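Bear in mind these aren't lab numbers, they're just calculated from the coordinates by the rules spelled out. Everything numeric in this text was worked out from a predicted model, so none of it was measured. As a convention, Cβ positions derive from the backbone with ideal geometry for all residues, glycine included, and neighbour counts pool all protein chains shown.
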Amino acid sequence: MKLDVLLGLQWGDEGKGKIVDVLAPNYNVIARFQGGPNAGHSLEFNQIKHVLHTIPSGVFNPNTINIIGNGVVIDPVIFMEEINELKKLKVDIQKNLFISKRAHLILPSHRILDAASEASKGKTKIGSTLKGIGPTYMDKTGRNGLRIGDIINPGFNDKYEFLKNKHYEILKLYDFDYNLTAYEEKWFQGIELIKQFKLVESEHLINQYLEDDQSVLAEGAQGTLLDIDFGSYPFVTSSNTICAGACTGLGVAPNKIGNVIGIFKAYCTRVGSGPFPTELENNEGKQLRKQGHEFGATTGRPRRCGWLDLPALKYAIMLNGVTQLVVTKADVLSGFDTIKVCTHYILNKKKVDYLPYEVDEQLQPVYKEFKGWKEVITKIKSFTDLPAAFKSYLQFIEDEIKVPIKIISVGPNRSETIQK
Ligand code: GDP
Ligand code: IMO
Ligand code: MG
């Protein structure tokens, strides 16, 4: 079988966790391929509301195998907290969770470096989640990193001390106070916990599953517009969030990619700094934030809100080779008199219908307006019962981007999902 990939087409928080949970019964295996605890993937079902950071969102489906791939970076403290939270919900994932030996470790000192770097940038800060993501991927590409496979080898503690001391030297460049004793103690407890899991060369495992006709879904984190290469650099994360990242982050060849499921919100949000052409710094933006409960699942920060941006969406679809779409948070648009969609931009008096290299205030979005709808759509179960105004909004998007919308999410709960 081929590997299906599910990923975000905007700036993250598109609802990937919810949709992976919805699709999990259709797959034997769910595998995370990049990012780390900067991700916050929310799942809701029955009376449970749960946020996952490192663990794949298939975890609530008892028959699903979950894999943390080589492209992921792991903080043992956050991993341990995630396991403890799952235990409280009586989810024992020991037998169904595999961790790649090639995944890199986020050290306590990586978190400090992240915080010191951000503090030194002042107003130009990236708005990082401060989970140590950037410094960890820097050590990975700089060939200094520690990997999960190291923890079971003699000499791990020496390697740890060596890297930590290197970080201490770098920290001398910053005027930044820190103390990592308490975190370090928990970190080593987390390392002991990780040792109890199945640590594997996950590239072999995944390719074998595919060979054996088992269905595998790769779960992305962050979103295409935060990609290290194609996002609005430097206001990006430090991994390849696009579909190609699933190949390198899991060890699956490009010709083994099957469906690419792209998720977008019916509007846009962004948390952290960086350009956002359709951002609304007015009452409409406030209304979107309020109705959409747009506060970060990892940091609690208010998310910046704006209208849907079609040039940006088309860019994301091109980079990922998206074959089918999922639109989420459609319910949040109920109650607006007018809904807007950015169809193109004006730059230096010229029409631009793509997302250019430089995005600044010179780039003015041009909108097409749609009549809003008042109906609450959260309990609607079939596409035909959706308000006509909403259906014409969706039809316009589909016509513009030429990829079918297969799933419409109308609420945070697993059950609030319409399959077309
Ligand atoms: P992820 O990072 O892509 O998994 O998304 P997050 O979990 O960070 O953010 C999405 C937020 O929207 C979460 O609070 C979800 O519970 C919620 N959510 C997901 N889908 C929908 C939807 O269709 N409607 C509403 N109202 N909320 C949704
Ligand atoms: P999920 O998987 C939204 C943003 C941060 C910041 C930038 C860099 O839940 O969609 P980092 O911590 O990676 O150094 O932060 O990227 N960011 C996210 N925004 N959702 C995420 O993940 C994010 N992960 C990182 O806010 O702007
Ligand atoms: Mg999130």
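Rg/Rh for segment 36-116 to two decimals, with Rh computed the Kirkwood way over all alpha-carbon pairs.
Dividing the radius of gyration by the Kirkwood radius yields 0.98.
Given bins 5 angstrom wide, list per bin the percent of all Cα-Cα distances in segment 303-362, short to long.
For segment 303-362, the binned pair fractions read 4, 13, 21, 23, 18, 14, 7, 0 percent.
For Lys198 and Gln324 in one chain, what is 0.36 nm times their gap in residues minus the Cα-Cα distance, to one decimal in nm?
My answer for the length gained is 42.0 nm.
What's the percent breakdown of Cα-Cα distances in segment 82-129 across 10 Å bins, shortest bin first?
Taking all Cα pairs of segment 82-129, the binned fractions are 20, 27, 29, 20, 4 percent.
Sorting Lys350, Lys101, Lys140 on the 10 Å Cβ count, fewest up front, what's the list?
In increasing order of surrounding Cβ atoms, one gets Lys350, Lys101, Lys140.
Each residue of segment 198-206 in turn: what ³J(HN,Hα) in whole Hz from Karplus with 6.51, -1.76, 1.60 and θ = phi - 60°, glycine and Pro shown as x?
Residue by residue, segment 198-206 yields 7, 9, 9, 8, 5, 4, 5, 4, 5 Hz.
For the chain, set up a GNM with springs between Cα atoms under 10 Å and report which of Glu284, Glu294, Glu161 has the largest fluctuation.
Maximum fluctuation in the GNM of the chain, among the listed residues, is at Glu161.
Just check segment 30-166 against the gyration tensor rule for me: Cα atoms, a ≥ b ≥ c as the square roots of the eigenvalues, rounded for a/c under 1.5, and otherwise prolate or oblate depending on whether a/b exceeds b/c.
Taking the square roots of the gyration eigenvalues as a ≥ b ≥ c, segment 30-166 is oblate.
Using unit Cβ charges (K, R positive; D, E negative) and no other charged atoms, how large, in debye to the nearest 20, is the dipole of segment 323-400 about its Cα centre?
Values: 11 positive and 12 negative charges, 43 e Å.
Computed about the Cα centre, the dipole is about 200 debye.
So what J values fall out for segment 209-225 if you push phi through Karplus, 6.51 cos²θ - 1.76 cosθ + 1.60 with θ = phi - 60°, rounded to Hz, Gly and Pro as x?
4, 5, 4, 7, 6, 8, 8, 10, 10, 8, 9, x, 10, 6, x, 4, 7
Using the Karplus curve 6.51 cos²θ - 1.76 cosθ + 1.60 with θ = phi - 60°, what ³J(HN,Hα) values do you get for each residue of segment 382-387, in whole Hz, with x for Gly and Pro?
10, 4, 4, 7, 6, x
If we count other beta carbons within 10 Å of each Cβ, what is the order of Phe276, Phe33, fewest first?
Phe276, Phe33
Given 0.36 nm per residue, what is the gain on full extension from Met1 to Lys95 after removing their alpha carbon distance, in nm?
Using 0.36 nm per residue and subtracting the Cα-Cα distance, I get 31.5 nm.
Sort largest first and round to whole Å: the equivalent ellipsoid semi-axes of segment 143-202, each the square root of five times a Cα gyration tensor eigenvalue.
25, 14, 9
Summing +1 for each Lys or Arg and -1 for each Asp or Glu, what net charge is found among the other residues whose Cβ lies under 14 Å from the Cβ of Ser215?
Combined, the nearby Lys, Arg, Asp and Glu give -3.
Using the Kirkwood formula over every pair of different C-alpha atoms, what hydrodynamic radius in Å results for the chain?
For the chain, the Kirkwood estimate is 22.0 Å.
Among Tyr354, Tyr393, Tyr178, whose mean-square fluctuation peaks in a Gaussian network model of the chain (Cα, cutoff 10 Å)?
In this elastic network of the chain, the residue with the biggest mean-square fluctuation among Tyr354, Tyr393, Tyr178 is Tyr178.
Evaluate the relative contact order of the chain (contact order divided by residue number), counting alpha-carbon pairs under 8 angstrom at least 6 apart; express in whole percent.
On the way: 921 pairs, mean separation 86.2, N = 420.
Over the chain, the number comes to 21 percent.
Return the long-range amide H neighbours of Gly296 (sequence gap of 5 or more, or a different chain), with a cut-off of under 5 Å between placed amide H atoms.
The list, which skips near neighbours in sequence, is Arg301, Arg303.
Build a GNM of the chain with springs between Cα atoms under 10 Å: which of Ala297, Ala218, Ala389 gets the top mean-square fluctuation?
Comparing Ala297, Ala218, Ala389 in a Gaussian network model of the chain, the most mobile one is Ala389.
State to the nearest 20 debye the size of the charge dipole of segment 284-338 about its Cα centre, where the only charges are +1 on K and R beta carbons and -1 on D and E beta carbons.
240 debye
How large are Rg and Dmax for segment 159-250 when calculated on the C-alpha trace, in angstrom?
When restricted to Cα atoms, segment 159-250 yields Rg and Dmax of 18.6, 55 Å.
Neighbour counts of other C-beta atoms within 10 Å: give me Tyr183, Tyr357, Tyr233 arranged from fewest to most.
Arranged by neighbour count, lowest to highest, Tyr183, Tyr357, Tyr233 become Tyr357, Tyr233, Tyr183.
Determine the distance separating the Cα centre of segment 122-154 from the Cα centre of segment 335-355; give it in Å without decimals.
Each part reduced to its Cα centre gives a spacing of 37 Å.
Helix 76-88 against the longest principal axis of the chain: what's the angle in degrees, Cα atoms only, rounded to the nearest 10?
That helix lies at roughly 70 degrees to the long axis.
Tell me the mean residue ellipticity at 222 nm calculated for the chain from its helices only (DSSP H runs of n ≥ 4, each -39500 (n - 2.57), averaged over every residue, nearest 500).
The per-residue figure over the chain is -9500 deg cm²/dmol.
Would you please give the FRET efficiency between Lys379 and Phe295, computed as 1/(1 + (r/R0)^6) with r the Cβ-Cβ distance and R0 = 35 Å, to the nearest 0.05?
0.90
Taking R0 as 22 Å, what FRET efficiency do you get between Val352 and Asp229 from their Cβ-Cβ distance, rounded to the nearest 0.05?
0.60
Could you compute the net charge surrounding Thr269? Neighbours are other residues with a C-beta less than 10 Å from the C-beta of Thr269; K and R count +1, D and E count -1.
Taking every other residue near Thr269 into account, the sum is +2.
Once the piece of chain linking Tyr168 and Ser415 is laid out straight, how much longer is it, given 0.36 nm per residue of separation minus the C-alpha distance between them? Can you show the working numbers first?
On the way: separation 247, 0.36 × 247 = 88.92 nm, distance 4.91 nm.
Difference between extended and current length: 84.0 nm.
Looking only at segment 1-103, where both bridge partners belong to it, what percent of the DSSP beta bridges are antiparallel (to the nearest 5)?
Restricted to segment 1-103, the bridges split so that about 40 percent are antiparallel.
For Tyr183 and Asp158, what does the FRET efficiency come to when R0 = 22 Å and r is the distance between their Cβ atoms, rounded to the nearest 0.05?
It comes to 0.65.
Let me check I've understood the local charge: for Gly249, count other residues with C-beta under 11 angstrom from its C-beta, Lys and Arg +1, Asp and Glu -1. What total comes out?
For residues surrounding Gly249, the net value is 0.
Which listed residue (Gly36, Pro404, Leu146) has the Cα farthest towards the positive end of the charge dipole for the chain, taking +1 on Lys and Arg C-beta and -1 on Asp and Glu C-beta about the Cα centre?
About the Cα centre, the residue reaching furthest to the positive side is Pro404.
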